[in-house]
1. Output the 0 to 90 degree angle, nearest 10, between the alpha-carbon long axis of helix 220-233 and the longest principal axis computed from the alpha carbons of the chain.
2. Once a ≥ b ≥ c are taken as the square roots of the eigenvalues of the Cα gyration tensor of the range 399-484, is the result rounded (a/c under 1.5), prolate (a/b larger than b/c) or oblate (a/b not larger than b/c)?
3. Can you quote the Å³ per residue value for the convex hull of the Cα atoms in the chain, rounded to an integer?
4. Mean shadow of the range 174-273, computed from the convex hull of its alpha carbons, in nm²?
5. Length gain on complete extension for the stretch Asn37 to Ser242, per 0.36 nm per residue less the alpha carbon to alpha carbon distance?
6. If you build the convex hull over the alpha carbons only and average its shadow over all orientations, what do you get for the range 325-473? Give it in nm² to one decimal.
7. Taking the alpha-carbon centroid of each part, what is the distance from the range 321-368 to the range 262-289 in angstrom?
8. In whole Å, what are the extents of the range 114-238 along the principal axes defined by its C-alpha atoms, from largest to smallest?
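Rule-based calculations on the coordinates, nothing more; no lab input. As the structure is a prediction and not an experimental result, all values here were calculated from the model. Cβ: placed from backbone, ideal geometry, glycine included. Neighbour counts: every protein chain shown.
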Amino acid sequence: MVSFTWSIAVLAGAVVPLVESSPETCVSSCSQMSIPNVTVVTAEYLLNGTQIPLPGTVESCGGPDLKANITANLCRLVLLVATTPSSEVQIEAWLPEPHSWSGRSLATGNGGIGGCIDYATMQNGAGLGFASFGTNAGHNGSVGYEFFLNQPEVINDFGHRAIHVEAEVGKELVAQYYGKGASKKYYAGCSTGGRQGFQNAHLYPEDFDGMLLGSPGIDWLHIVASKGILARRIGWPNINSSEYVRPEQWQAIVKAQIDQLDALDGVANGIIDEPTKHRFDPTSLACGTGLLNSSVCLHPQQVESVRKAYEPIANTSGHIVYPSFELGSNTDVFSNNQVNGTAALSYTILQDFWRGTIYNDSSWTPEKFSEHDMDFAVRVNPGQVNGGEKDLTSFYRKGGKIISYHGRNDETVTSALSEQFFTGVQSALNLSLEDIHGFYRLFFLPGMHHCSGGLGAWSIGNVQKYPFDHALLDSKHNALIALIDWVENGTAPDTLIGTKYENDLIGSNITAQRTYCPYPMVSRWNGLDDTSLAASWKCT
């Protein structure tokens, strides 16, 4: 397979600029634009290499001192789009100068409960010549519930509408600013952004040609609800009960899982390659076995609590609706659940979303959360937020391409969910493995946390991570470049090579690389060569 490398020749394409961009032409061009329901808040010309403050950014999005890196000479627009009389979406557009525009566009998604523009991915996109777009999905801030209370249309924006609005407005902006439409339209999102992407492919299949979807939060309400259910299973909020497993015990529990299961894949590296293939018996950690010291060993009731924490979640009818929490993953999302001796979940999305949208009740708290609360939320499905629709027929038939990736050490969205979704799409479309690999490829990354980070060789040009390593800006090492190669040249990614950097600083010294494979194939060590080399890993 020929490696597709990003170069000036590729970037330049056959774009013929209408005018040379400048501070004056940027502002004047924007003043002449006409898009229904769109108000231009900011129009400014910015130079490559500069850094701009974003003083209006709320604290939960990194403000008020957040800064953005300008990665091309570009026209920056901040827009407000009225989606209904009671709701609006903020969109940010970075439009490179016409002579350096690649002819492509790149839209981005959100994380958590939205509210924050993905500047990291926009920075990467503009630097590669994309007309790049970001959205707040209809509200400002990733923490809180007030913006959802009594605001059904704001919920609709976050639930299903914002990415489509971003795509439509982006399409019009590109056409009016450059004098022609984008040759190809791309989308990149992780976590909630992954959910938004798959949902968009189902609801609005014409919006994008290629999608890069990391750690996708499909079946979103079950993902969020799982944190409350698992917390209850381990004794919370009764933190003085005999069933309760204390936060400090969980580090020892997870370490014991890794110690027991790590080497079964042939390499003792602190990583459980395929956590869904294993079972763990917590009786081995009971007091008296000697595996854990007396301060963190498990008493009989705690053994049962830990066992329940690793069982799948069923609804009130007894049907399994969410996979087991995965062995070897950090448990803080449900076990970090007290502050100064008082029961309180550190995972705030559950309380925020159920307060603001499910029950529309600012006094609601999750201490009595149960499967009934989960089932009610799924029935209501405010704003169609749950996502997870597996019928991607229209996107498949139009020739759209999806590269999805998921860490096997994901503490927020269990990677088994991506397994189930992949096979569900294959079944819904009645496709052979060869056929589904013709438009949708899923890569698992052992040792990667949620979206990025972890012990594994996790860097593959991840969404929400800036900057890219320009020394590895090719279709073998960067998933976005691989997606472009697939969409535009028909070269599907047979593998992706992940990179581990010293101190996880992208672009610094490389300490390891690993070859990853499209599911259901698995990356395995060849049993002979240096495990830090990509060539030592094969797809089986």
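1. The angle comes out near 20 degrees.
2. In terms of gyration-tensor shape, oblate.
3. Numbers: hull volume 80.1 nm³, N = 540.
With only Cα atoms used, the chain gives 148 Å³ per residue.
4. Answer in nm², one decimal: 11.3.
5. Between Asn37 and Ser242, full extension yields an extra 68.0 nm.
6. Approximately 12.4 nm², given one-decimal rounding.
7. Distance between centres, Cα-based: 26 Å.
8. Principal extents (Cα only, largest first): 63, 30, 26 Å.
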